[in-house]
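Since the structure comes first, as structure tokens, the remarks are kept for the end.
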């Protein structure tokens, strides 16, 4: 018996693999581009813009008046600048 191990050829980096993850990433490229075209603000920054406390922003998110973006299930939440502008133009006032 030979003591030489079998060497498998390495895949080149440009080899395309058709996995569920690559399909998901390719499908979401357009969605991510749209999300990132509008500047994002953290909830703390949104509170500063709206002149209210962060708990008020959390309440608006909970009741559905302020949609947020989350890049991972446990990740930080972000608000689009256009959403803040819409709420301010509607005359939102902290009560």
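Nothing in this text is a laboratory measurement; each read-out follows from the coordinates by a stated rule. What you are looking at is a predicted structure, and each value in this text was computed from that prediction instead of being measured. Glycine also receives a Cβ, built like all others from the backbone with ideal geometry; neighbour counts cover every protein chain displayed.
Only a single criterion out of (1) out of contact with any helix residue (DSSP H, G or I) (no Cβ under 8 Å at 6 or more places or on another chain); (2) crowded, with 17+ Cβ neighbours inside 10 Å; (3) not in a loop (DSSP other than H, G, I, E, B) is not satisfied by residue 85, namely (2). Scanning the stretch 56-66 for residues that are out of contact with any helix residue (DSSP H, G or I) (no Cβ under 6 Å at 6 or more places or on another chain) and not in a helix (DSSP H, G or I) returns 64, 65. Of all the residues in the stretch 46-55, those that are touching a residue at least 24 places away in the same chain (Cβ under 8 Å) and out of contact with any helix residue (DSSP H, G or I) (no Cβ under 7 Å at 6 or more places or on another chain) number 2.
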